[in-house]
Amino acid sequence: MKIQMVDLKGQYEKIKYEIDNAILNCINTSQFIKGPVVAEFQEELERYLGVKYVITCGNGTDALQIALMALDLQPGDEVIIPAFTYAATAEVIGLLRLTPVLVDINKDSFNIDIKSVENAITPKTKAIIPVHLFGQGADMESLLKIAEEKNIFIVEDAAQAIGASYIFSNGDRKRLGTIGAIGCTSFFPSKNLGCYGDGGALMTNDPLLAEKIRSIANHGQQIQYIHDIIGVNSRLDAIQAGILLPKLARLDEYNKARIVAADYYDENLKAIEDIIVPFRLENSTHVFHQYTIKVKNGSRDKLKDFLKSKGIPSMIYYPKPLHHQSAYMNIINIKSELEYSENIPKEVLSLPIHTELDSIQQDFIINAIKEFFHK
Ligand SMILES: *Cc1c(COP(=O)(O)O)cnc(C)c1O
């Protein structure tokens, strides 16, 4: 049995006609950069997310960088981020000569810990980047409260959580990525909404920020050849926008397939003592970009090897927290203990999850895990 972490080919085969047509249309019109298809995708994503402005760009990392540039942060300003995340979050902060302030994560949700955020705030804190890790939302209600009180911007890293919703205590629901001052996402092929190359987007409800983001992503110009600010060149190809349109129309269906697979894993793995299945928050839906278990008693690596011997792939997201990465060692600021960011990387294991995973494949994976634990 062939089991993959993600099955992009299998997904493509079901929508081949639409994807092939989108690509051919783009070649026939030969409008490769900007143009009507990119505009249509932006509008469709605005509608889907319920946000006023979506501005597409080259990738998710660019989206984060453009967001920080749009907020006019100055060298030395502090940006609070979780220590356990993908490196892109810290990287763009460093590139802009800002100071990444690392805080701990919550041991259950893997997301930024609010108490640690509160303890890390100084007069220099200008922004917080919560990462909605693995597809489930950070505690946005608490973060918004902090942001408002202290005049700090929230930039959401929603690269893994497109389509998930946050539920406020008054019952209001908003899509992740549309709640902070700016939201960022990625259309990297394996993301929940992935294209066939690189792509990304920024989301905001603020018209002035939207205008600024659009200008920064386009060499700092609003009128061609008139450059008002220093920008970057970062855009989504028309071919990628054409590919994303039919996939966006199916995003809820795709996320549902991931949730069904996650529920099935939960049901079958939760009885195993040495495994902790993903924690489900009440104030956020989970779109399972990753299905990440914690493996106790130091048996994670042995389980990974055992699965590999059966032809089952698994991944460690992420093996090394940011405070142990030599690239950032000299620029990071740590104000309190990073207990969970330190220990959780030794326990996490992400199992195959994607839109094409079926119960036969899942049974094979589950039985292998049970066999390992002699259940
Ligand atoms: C994928 C990802 C990014 C970067 O997106 P790219 O499109 O690969 O640049 C940033 N943050 C998180 C949490 C991601 O998962």
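Here, each number is a calculation from the coordinates, and none is a lab measurement. Since we're looking at a predicted model, the values are computed, not measured. A quick note on method: Cβ atoms are made from the backbone with ideal geometry, for glycine too, and the neighbour counts reach across all protein chains shown.
Please tell me which of these pairs span more than 21 angstrom C-alpha to C-alpha: 124/150; 52/126; 52/150? Don't skip to the end; give the middle numbers.
On the way: 124/150 11 Å; 52/126 24 Å; 52/150 25 Å.
Those over the limit are 52/126; 52/150.
May I ask for the Kirkwood hydrodynamic radius of the chain, worked out over all distinct Cα pairs and given in angstroms to one decimal? List each step's numbers first, then the result.
Details: mean 1/r = 0.0469 Å⁻¹.
So the Kirkwood estimate lands at 21.3 Å.
Summed over qualifying helices (DSSP H, 4 residues or more, each -39500 (n - 2.57)) and divided by its residue number, the chain shows a 222 nm mean residue ellipticity of -11500 deg cm²/dmol.
Where in the range 70-159 are there trypsin sites (Lys or Arg not before Pro) that are in a DSSP coil and have at most 16 other Cβ atoms within 10 angstrom of their Cβ?
Numbers: sites: 97, 107, 115, 124, 126, 145, 150; in loops: 97, 107, 124.
Hits after loop and neighbour filter: 97, 107, 124.
Using the Cα gyration tensor of the range 192-304, with a ≥ b ≥ c the square roots of its eigenvalues, what is the shape: rounded (a/c below 1.5), prolate (a/b larger than b/c) or oblate (neither)? Taking the square roots of the gyration eigenvalues as a ≥ b ≥ c, the range 192-304 is prolate. Restricting things to alpha carbons, find the Rg to Rh ratio for the range 251-374 using the Kirkwood radius for Rh. Rg/Rh for the range 251-374 comes to 1.01. Loop-located GluC sites (Glu not before Pro) across the range 309-375 with a Cβ neighbour count of 16 or fewer within 10 Å are 337, with loop assigned by DSSP. Which aspartates and glutamates have a Cα lying under 18 Å from the Cα of residue 9, excluding residues fewer than 8 positions away in the same chain? Answer for residue 9, where 18 Å is the Cα cut-off: 18, 20, 198, 253, 356, 358, listed by chain and number.
According to the square roots a ≥ b ≥ c of the eigenvalues of the Cα gyration tensor, what is the shape class of the range 1-58, taking rounded for a/c under 1.5, prolate for a/b larger than b/c otherwise, and oblate for the remainder? Because a/c hits 1.5 or more and a/b fails to exceed b/c, the range 1-58 counts as oblate.
Could you tell me which of rounded, prolate or oblate describes the range 137-193, using a ≥ b ≥ c as the square roots of the eigenvalues of the alpha-carbon gyration tensor, with rounded for a/c under 1.5 and, failing that, prolate when a/b is larger than b/c and oblate otherwise? Please list the in-between numbers first.
On the way: a/c = 3.23, a/b = 1.57, b/c = 2.06.
Oblate is the answer for the range 137-193, as a/c is 1.5 or above yet b/c matches or exceeds a/b.
The chymotrypsin sites (Phe, Trp or Tyr not before Pro) of the range 116-204 that DSSP puts in a loop, and whose beta carbon has at most 14 other beta carbons within 10 Å, are 168.
GNM on the chain, alpha-carbon springs under 10 angstrom: the most fluctuating residue among 315, 203, 69 is 315.
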